[in-house]
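Following: one structure in structure tokens, then a few remarks.
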Amino acid sequence: MNTKIFCLPYAGGSATIYRGWHNYLDPSIKLIPIELSGRGERIAEPLYDTLDMALDDVLSIIREDIDTAPYALFGHSMGAMLSYELAQRIVQEGLPKPQHLFFSGRGVPDVTPIKKKKYHLMDDKEFEKELMLLGGTPVEIFENRELRHLFFPLLRSDFNLSGTDLSKRKVTPFDCDLSILVGKEEKLSAKRITGWKRHTKGICNVHFLTGGHFFLKHEQKTIADIINQRLAKTAKERHPITY
């Protein structure tokens with residue numbers, strides 16, 4: 001039976017960011033990118049007002065699938081936060097637990113960044129400046145007024161969602177192993193990276209990949225290699241991978 005991996009996108013991203021991974025994943029792994037409301041094929045649907053709304057929606061999408069096969073969750077940035085909370089919800093509801101959790105481009109939820117920017121509250125000029133510094137947003141968005149009008153509300157909503165304060169939540173470690181993926185040039189403190197070890201009763205492997213926050217876009221094969229090592233049926237040994 002193939003292992004399924006459900007992938008959740010970063011703020012402003014859609015399911016399409018993961019579709020190229022088919023070229024690199026082991027045949028025993030079934031890739032299932034999750035399309036969040038308000039983007040891609042679901043662009044006509046309303047954006048999420050709260051984290052609970054997002055979790056309810058995603059869980060309704062994957063509920064039947066997690067009953068029929070082993071699975072893992074992968075999320076980058078906002079997607080990592082959603083994956084973390086989704087996995088907690090799955091455990092709380094007594095549903096089949098994930099085989100592995102991949103948290104990419106995100107610090108541990110119980111440690112708040114020293115300087116936490118509230119992107120969703122910025123005026124358009126400041127917001128656009130910060131987006132350009134972050135990278136990851138297509139240049140066409142900034143050059144086209146109509147695209148900005150469509151895309152900025154989505155981004156603001158996602159950043160609001162991504163900024164949900166989870167620092168006061170009790171740490172409840174997962175039974176499964178964790179893989180943490182971080183860009184070598186990413187601005188995450190050591191405390192926010194190594195803190196992930198508190199969130200598993202198993203093994204927590206940290207992988208540093210080339211690039212900044214959006215290493216996801218050019219390190220697809222490297223990420224797929226990590227996933228294959230953890231999930232593929234053909235992998236005879238599952239020792240930590242070092243980059």
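The values are calculated or read from the model by the stated rules, or taken from the named source; none is laboratory data. These numbers come from a predicted model, not from an experiment. In this analysis, Cβ positions are derived from the backbone assuming ideal geometry, glycine residues included, and neighbour counts consider all displayed protein chains. These area figures cover heavy atoms from the full protein model, side chains too; ligands, DNA and RNA do not enter into them. Shrake-Rupley method; radii C 1.70, N 1.55, O 1.52, S 1.80 Å.
Just wondering, is there one or more residues in region 104-115 that are modelled with pLDDT of 95 or more, within 20 Å of Phe208 (Cα to Cα), of a type outside the set (Phe, Trp, Tyr) and in contact with a Leu (Cβ under 6 Å, 6 or more places away or on another chain)? Looking through region 104-115, at least one residue is modelled with pLDDT of 95 or more, within 20 Å of Phe208 (Cα to Cα), of a type outside the set (Phe, Trp, Tyr) and in contact with a Leu (Cβ under 6 Å, 6 or more places away or on another chain). Only one of the numbered conditions (1) more than 21 Å from Ile193 (Cα to Cα); (2) modelled with pLDDT of 90 or more is violated by Lys125, and that is (2). Leu188 meets the conditions (1) within 16 Å of the chain's Cα centre (by Cα); (2) more than 19 Å from Asp110 (Cβ to Cβ); (3) open to solvent by 20 Å² or more (accessible area, probe 1.4 Å) in every case but one. The failed one is (2).
Condition check ((1) farther than 30 Å from Gly94 by Cβ; (2) open to solvent by less than 20 Å² (accessible area, probe 1.4 Å)) across all residues:
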residue: Leu133; (1), (2): yes, no
residue: Thr172; (1), (2): no, no
residue: Arg192; (1), (2): yes, no
residue: Leu216; (1), (2): yes, yes
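Could you tell me whether Ile5 is surrounded by fewer than 17 Cβ atoms within 10 Å (Cβ to Cβ) and touching a residue at least 12 places away in the same chain (Cβ under 8 Å)? When the stated conditions are applied, Ile5 does not pass them.
Does region 167-175 contain any residue that is closer than 16 Å to Tyr10 by Cα and of a type in the set (Asp, Glu)? No, region 167-175 contains no residue that is closer than 16 Å to Tyr10 by Cα and of a type in the set (Asp, Glu). For region 3-16, check the following and say yes or no: at least one residue is over 17 Å from the mean Cα position of the chain (by Cα) and not in a loop (DSSP other than H, G, I, E, B). Yes, the conditions are met somewhere in region 3-16.
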